[in-house]
Structure formats: C-alpha cells, structure tokens
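Student: Before anything else, here's the structure in question.
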Amino acid sequence: MAEEQLIFDKSKSGRRAFSLPDLDVPQADVAKLIPQEMLRDNLNLPELSEVDVVRHFTNLSRKNFGVDSGFYPLGSCTMKYNPKVNEEVAKLSGFTNIHPYQSEDEIQGILELLYDFEQYLCAIFGYEAFTFQPAAGAHGELTALLMIKAYQPRERHKIIIPDSSHGTNPASVSLVNYGTVVVKSDARGNVDLDSLRRAVGDDTAGIMLTNPNTLGLFDEHILDVADIVHKAGGLLYYDGANANALLGVCRPADLGFDIAHFNLHKTFSTPHGCGGPGSGPVGASKKLEPFLPVPRIVKDNSRYSLLVTRYPKSIGKVHSFYGNINVIIKAYAYVRSLGAAGLKEVAENAVLNANYVMNKLKEYYYLPYDRICQHEFVISAKWQKEKYGVRALDIAKRLLDYGFHPPTIYFPLIVEEALMIEPTETESRETLDSFCDAMIAIARECETNPELVKTAPHTTPVKRLDEAKAARELNLRWKTGA
Ligand SMILES: Cc1ncc(COP(=O)(O)O)c(C=O)c1O
C-alpha cells in the first residue's frame, strides 16, 4: 500500500478549501482586536482544495480501528459496542450548554441526574454512597486508598495485592505512600489462602482485589479472603474496573468489600481505548462514606444541592467540579435503557460469550486455568513458542491480517505468553465464530509456516513496528521544511 502523505506534503501554494463572496461590509481592524505582538503574517498552513481536505481526512479515518468497525477482544478493556442513543442523550443541549459555575438553581436537572445515578450505582453494587469525581479507574484507586488512609491508624500502612493484580494497583499504593505485600495465586487462580494468612498483620491497611481477577476467574474463596483480612483489621478494596460479569448477579459490598471503584468507561457505555475521558466512581460502605470527596450531592425535599460542610472527615476534592459529566450522562442513559433485567443479561451474555470462545480455542492454545471463566479468559502461546518459536506477540500481529483487533498480550504477568481475550456481550455468535476460525487458522499456520506468523502483519498500512521505539524516542512533531 502506498505510504500516506502528510497534509503538508499535499499542499500547493494558492489552493483554498473555501470560496466566499467579496466582502461587502467594512473590514474589521484586527490590530485593534488582537495585540500586535500576537499577530502573525504567516501561519504556514497547508493549502488544499476542499475535496482534497475531505479525502485526506476520510482516508485517514478509514485506517482507524474501533469497536464500530470490527471485533475488539482486548482483555481487561471491555471494548463492547456502545449504543448510539447514549451519545445522543449526552449531546442534548440542556447538558452541553450548562456550566459548573452556574447557580444551583439553574442546574437542578444535572444534579438530579447525578443524584439518581448515585442511587442506581448503590443498588447495583451495594454501597452506601458514591463519588463521581475520579476521572479514571486508576484515579478511583487513588481516591479509595486516600480514604482508607484517612480511616486507618498510621501504623497500618501496607496493602496486600495478589500476583495477578492489575499494574495500576501497586502503582496507586505507592502514590499514597503505602507499602505493597504481594500474595500468590493458587493452582486454580484464586488468592492462595495460606499466603494471605502469612501476609496479614498489625500493619495491614487492606487488600486490593479484582474479582473476577485478571485471569477472568471468580475467586472461589472470596468470603474466606474477606474474613481473614477483616479479622486482621484490614479493609477490602474492590477494583471493579471490569464489572461486566457482575451486573445484576453479584454485589461486591455483599462479598465484604468495604470500598470499590468502577469504570464507567468500559462497563457503562464509553469505550476504554485511546485514553478518552473516563470516569471511575468510588463507592463506599457506611464506615468509609464520611471520607468520600466533597462536594456531595444531597436532596432535601425536592431540591438538590452540593454540600461540603456536612462532611468534615472528607478527603477533599480529587477533581475539579463533579467529574467527567459527559461520561456519567452516557452511563445513566445506558442503565435507564437496559433496566435491571437488561443489566443482568449483559452479565450473562458476557460470561456466555467468553466461555464459548474459551472452549473453542482450548484445543489449540494452552489454557492454564481450565475452569468456567467470567467475562474474559487467558490462554497462552506456550505450546506455539516451545514447538515453533512463535510468540503471543506474533499471534497478535497475525490477527491484524485477519481483520481483528488483537487481545491483550503478556498480561497478567503470571501466565507465560499470555493472550487475554474479552469478547464482551455485544458480539454475535457469527462474529465469535469467525474470530475463533482466525485463531485456529493461525495455530495451524504456526505448524505449517511459522515464518508467516513471525513476520506478520502483512496486509496493514504499516508492517511490524518496533515495539519500544515510540516509547523511547517520542517524537510526534512535524517539522516544516523551513
Ligand atoms: C483491573 C483493572 N484495574 C484498574 C484499571 C485502570 O483503569 P483506568 O485505565 O481507567 O485507569 C484497569 C484498566 O483497564 C483494569 O483492568
């Protein structure tokens, strides 16, 4: 495929993408409006005709891959299809034209939405109250750990984390100046209870757990885990970044988790990819609720207000105003449009789809934990590596040739050559079958033509990239020839 030129390379002096009639009103005196030192004579903008601009950007956009263009089984990211009606709701002018500096009287509508959505989340996950301020899952972790720190005495400064944990967990622990104690997973992918019993002590502030964990497995001893940590004086923190398998089925608060964050981007109708605006609300049980960030939204009679002073134990603010409102509106619309029964169906189909794909693939790829999975599962390219020298990375790259976004690879760290697959509930059986067919075809290619897989992708605009170069030599600037 021909290399795409930059728009600057296509520029031809004098071309214009607009044609306006001659001015028939007096020309504004720009010098009076804009300070002289800020005026420039030459902006060095590309000069193209309208059709060339349209084609340039349309062609670039076609090179993009997204949930709207294809299957995206990126484990731990829940790249499900997000119904467009939720975007439409978030775009309503009553939402887009308000400003947080307006008086409470003028923004009663959005305050009501936030208040109601907090009640919905409390009902879905079992908590006493929520904050919407955190702008991402990791930000929710930080917020929750700050609350744990405010609650626990100083001598409790260690957080227990299983070896299957998401990387943001130990990172958040460091941010609040706590120490991390790692516990092992057992042969079935649960937290190893003996390892946990040895890890807890007088210095335990709490444990951070993802359940289903990053292997896609529900911890079979979760009530024992809660018991051991609580008896030792620790708190249970639930990393609910991936809550698809829980909706309407299981509430983390009922399992003993004192505090939790959830990713509205992922579970509730905003895609996770590309670092777009997210929302990681934190839910707290009764004992931690006083520490939630302020302002909190309260309802007195039928009036909604934002209160700070009623919560003297609050950790304060963790985000400007009330969080990423747009993402919250979409999540609200998602919950309202599905209802309780629909949310439960989300969980059931997410789990069904993952188990379907897992069972179709386990004959061709090593499955380290062969038991019913939740919304995702982890297989391994261990067999392919040992027999043919083909690695998980090669298989991921080869999937691009088949038109699929690859799964997450090399995570969780406890699975060698890991491929973490999350099909999500929004995919049809036909899509799942064609993905499985591609994975099986690649497993066969590893036997018959390993070089083909090792040198993939072959059909994409750019071929195999240097995985580390972009991170090590970050140079995104386009320089003019001048
Ligand atoms: C288990 C888990 N925890 C935490 C996070 C962090 O969420 P975010 O990327 O929104 O910061 C993720 C992200 O996908 C996750 O999968």
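Student: Please go through region 248-267 and pick out each residue that is surrounded by fewer than 24 Cβ atoms within 10 Å (Cβ to Cβ) and within 17 Å of Tyr334 (Cα to Cα).
Tutor: Within region 248-267, Gly248 is the sole residue that qualifies.
Student: Something else about it: Out of Leu361, Leu352, report the one residue that is surrounded by fewer than 24 Cβ atoms within 10 Å (Cβ to Cβ), under 22 Å from Glu445 (Cβ atoms) and aliphatic (A, V, I, L, M).
Tutor: The match here is Leu361.
Student: Restricting attention to region 179-192, report how many residues are surrounded by 21 or more Cβ atoms within 10 Å (Cβ to Cβ) and under 17 Å from Thr204 (Cβ atoms).
Tutor: Matching residues across region 179-192 total 2.
Student: Among the residues of region 429-448, is any modelled with pLDDT of 95 or more, surrounded by 10 or more Cβ atoms within 10 Å (Cβ to Cβ), assigned to a loop (DSSP other than H, G, I, E, B) and out of contact with any strand residue (DSSP E or B) (no Cβ under 6 Å at 6 or more places or on another chain)?
Tutor: No, there is no match, as no residue in region 429-448 is modelled with pLDDT of 95 or more, surrounded by 10 or more Cβ atoms within 10 Å (Cβ to Cβ), assigned to a loop (DSSP other than H, G, I, E, B) and out of contact with any strand residue (DSSP E or B) (no Cβ under 6 Å at 6 or more places or on another chain).
Student: Against the condition crowded, with 18+ Cβ neighbours inside 10 Å, small (Gly, Ala, Ser), in the same structural domain as Gly109 (by TED's automatic domain parsing) and farther than 13 Å from Pro134 by Cβ, how does Ser279 come out, does it pass?
Tutor: Taking the combined requirement at face value, the residue does not satisfy it.
Student: Checking Leu92 against (1) touching a residue at least 24 places away in the same chain (Cβ under 8 Å); (2) away from the ligand (no atom under 16 Å from the Cβ), which test does it fail?
Tutor: Only one criterion in (1) touching a residue at least 24 places away in the same chain (Cβ under 8 Å); (2) away from the ligand (no atom under 16 Å from the Cβ) is unmet by Leu92, namely (1).
Student: Here is a follow-up. Tally time: how many residues in region 272-317 are on the phi > 0 side of the Ramachandran plot and within 16 Å of the ligand (Cβ to nearest atom)?
Tutor: Residues meeting the conditions: 2.
Student: Something else: I'd like to verify a number: residues in region 373-415 that are touching a residue at least 24 places away in the same chain (Cβ under 8 Å) and not in a helix (DSSP H, G or I), how many?
Tutor: Matching residues across region 373-415 total 24.
Student: Listed residues Tyr364, Tyr332; which is in a helix (DSSP H, G or I), of a type in the set (Ser, Thr, Tyr) and over 18 Å from Thr214 (Cβ atoms)?
Tutor: Answer to the selection: Tyr332.
Student: Just name the residue that is surrounded by the most Cβ atoms within 10 Å (Cβ to Cβ) out of those in region 221-247 that are within 12 Å of the ligand (Cβ to nearest atom) and assigned to a loop (DSSP other than H, G, I, E, B).
Tutor: It comes out as Asn242.
The values are calculated or read from the model by the stated rules, or taken from the named source; none is laboratory data. Computed from a predicted model, the values in this text were never measured in an experiment. Positions of Cβ are backbone-derived with ideal geometry, glycine not excepted, and every protein chain shown enters the neighbour counts.
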